[in-house]
1. Applying the selection to region 352-376, what residues are assigned to a loop (DSSP other than H, G, I, E, B) and more than 12 Å from SER325 (Cβ to Cβ)?
2. Quick check: anything in region 135-150 assigned to a helix (DSSP H, G or I), acidic (Asp, Glu) and either out of contact with any strand residue (DSSP E or B) (no Cβ under 7 Å at 6 or more places or on another chain) or more than 21 Å from GLY30 (Cα to Cα) (or both)?
3. Name the residues in region 5-36 that are crowded, with 21+ Cβ neighbours inside 10 Å and either among the hydroxyl-bearing types (Ser, Thr, Tyr) or more than 19 Å from VAL138 (Cβ to Cβ) (or both), would you?
4. I need every pair where a residue in region 128-148 that is more than 14 Å from VAL38 (Cβ to Cβ) and in the same structural domain as LEU46 (by TED's automatic domain parsing) has its Cβ under 8 Å from the Cβ of a residue that is hydroxyl-bearing (Ser, Thr, Tyr) and buried (at least 16 other Cβ atoms within 10 Å of the Cβ), sequence separation at least 6 or different chains.
5. When you check ARG432 against the structure, is it surrounded by fewer than 19 Cβ atoms within 10 Å (Cβ to Cβ), of a type in the set (D, E, K, R) and within 22 Å of the chain's Cα centre (by Cα), yes or no?
6. Any idea how many residues of region 540-574 are surrounded by 14 or more Cβ atoms within 10 Å (Cβ to Cβ), basic (Lys, Arg) and not in a helix (DSSP H, G or I)?
7. Going by what's in this entry, would GLU183 be described as among the charged types (D, E, K, R), surrounded by fewer than 21 Cβ atoms within 10 Å (Cβ to Cβ) and at pLDDT below 65?
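The values are calculated or read from the model by the stated rules, or taken from the named source; none is laboratory data. As the structure is a prediction and not an experimental result, all values here were calculated from the model. Neighbour counts are summed over all protein chains in view; Cβ atoms, including those assigned to glycine, are modelled from backbone coordinates with ideal geometry.
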Amino acid sequence: MSETAINNHAGFIWSVADKLRGVYKPSEYGRVILPLTVLRRLDCVLEPTKDEVLEMMARLPSTLENREPVLQRVAGQPFVNTSRHTFRSLLSDSSNVTGNLRNYIAGFSESARDIVDKFNFDVQIDRLDEHNLLYLVVSMFVDIDLSPETVSDLEMGYLYEELIRKFSELSNETAGEHFTPREVIRLMVNLLFIDDDELLTRPGVVKTLLDPACGTGGMLSVAEDHLRRLNPQARLKVFGQELNAETYATCRADMLIKGQEASNIRFGNSFDNDQHDGERFDYLLANPPFGVEWKMVAETVKGEHRSSGFAGRFGAGLPRINDGSFLFLQHMISKMKPASDGGARLAIVFNGSPLFTGGAGSGESEIRRWIIENDMLEAVVALPDQLFYNTGISTYFWVVTNRKTARRRGKIQLVDARDIFTKTRKSLGQKRKELSVAQIDEIARLYGSFEEGPLVKIFPNEAFGFLRITVERPLQLRWEITNDTLLAVESLKAVGKLDASQREALLDALRERLGNSFATEKLAKAAMSEALESAGIDKTTALVKAVVEAIAVRDPKAPINTDRSGNPKPDPNLRDHENIPLPPMNVTFEHDPTARLKTIEYRTAIDDYMETEVLPYLPDAWHDPTKTKIGYEIPLTRHFYTYTPPRPLSEINAEIKTLEAEIQTLLSEVSE
């Protein structure tokens, strides 16, 4: 079926919505249209064998408890409908369409009934019946042929998604939370299977694939179709989990019709209700929602992070509460088959935030660090903007694996595909660009060749890491009582808590000492204790300390302040941070965030940096090793930046003069 035919089918189904005006708000149309589309599809699939199923059911003993497997063999499907009705026969008794429809739905196998239940369609049956719309709406659906001979499984997925896109636009929801453009999925699947052609062309091979945010199942369908083209004798068992009830039901219906195990599609939130706990997969795909907070599952996620560490899903770290992208990635990594069992590969769609958000030591940086130091990040592919329905921002594929090929080990590939696209004929939401078949092949070629060029960069893992050191300089203070320091004392919170008479007595005591200065902190403390005592104020340690700090004045000519051990105290105002490239090391540091900091390579790199970049300019500086952190970020755009020199001033001036002359000419014509 062509794209035009799919749109025509969607348009016909959409025309039913015109009959709902007044009774339903436009944002509610999907509550009727989507479940009826799924029911009509199920009906068309079962229609050729309906009579044979009913005949077999009549012959089977009523005492036979498990008749369904026998009936399924007759139907040639993993589900049946034992009601005497079809969609068409529902209309034979116009006065009882409501009862007939409920009887028809009740006749489905349990797996199919669960799908309808998730739509909560029973409520809509009552609503339609109350307004005398049920017969009209059902009769319109009878007129559309959704049989597999007319609309293939893959095309049916397109049809579902086109309807969801329309409903999402009407309700101001983001359609992209439910599905991903098919050409984008094709590219993801190509990259996911890129080094596995030989493996996937073996007869009888069986592989598993999980999408933990599967929406309507588009990624699962395209991956399955791709493998079938590579190897008709191969089998891809697909699994998914989805939070939205309606898209879950649509996905499960699609899997049921295709003969996949519909029970592999689970309902619930992957973070706090992991429906695939303990299972491991060969491949994983996901396009999780961008920038969605995880506050609702924070208690569960944080609890697992604290109690299970790396034995759970979130051992590497937790991202900011307002973006759960890295939680999805860690969840998926936990579902990968271990390398000892053949390993796994995953591809996930991110926006730019996971590349660089979070400084050294933050949750995001620690997650990037864990993935990169354990040599799991294979590549990042930059995609064009305006490629998705719900956002115009730039997006990126991350390909992560625990079974890199020999040539990729210890390296990360960056692919810049931002300028590889075709303009769409019309905008679909915010989608104004798409990838042609040739462009998908070109990006896959760039990826698979693993050769550097204008659009491909290859770096060792450590190129994305850095040591963030804290450079300190000595604290040089003198203490004096001046009009300025008196104002500082008066504004202290601790002084503000004194009663008015005490506060004034303290200020008077300090005014009597106006002009006094103290060379050491010890002398300043003694003088301030004496001033507090003379004012009749209880000289607590905290109050003395606050007043002493208020009368302190930074002075580069003052002696260096030292602690009790004689070591110089650092000046917080002069503190600086420097990023040092991570030294190369042929070692992994699995599950030990401090291991690298203990190595001689790290200490040597810092010493060399201080010697050449800091001490020649600040000879009194030193670094504090207790504050050193390791950070990781992936500045992809920086690596592909090409400097474009500005135009010469002479050229700009000439252009300005030309424009001025044109303006003068136009003005003179107006004045005439």
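1. Hits for region 352-376 are GLY359, ALA360, GLY361, SER362, ASN374, ASP375, MET376.
2. no
3. Passing the criteria: only TYR29.
4. Taking only residues 6 or more apart or on different chains, the pairs are ASP129/THR98; LEU134/THR98.
5. When the stated conditions are applied, ARG432 passes them.
6. Matching residues across region 540-574 total 1.
7. no
Condition check ((1) over 20 Å from PHE193 (Cβ atoms); (2) assigned by TED's automatic domain parsing to the domain that holds LEU39; (3) acidic (Asp, Glu); (4) buried (at least 24 other Cβ atoms within 10 Å of the Cβ)) across all residues:
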site	(1), (2), (3), (4)
GLY215	yes, no, no, yes
VAL222	no, no, no, no
ASP254	yes, no, yes, yes
SER263	yes, no, no, no
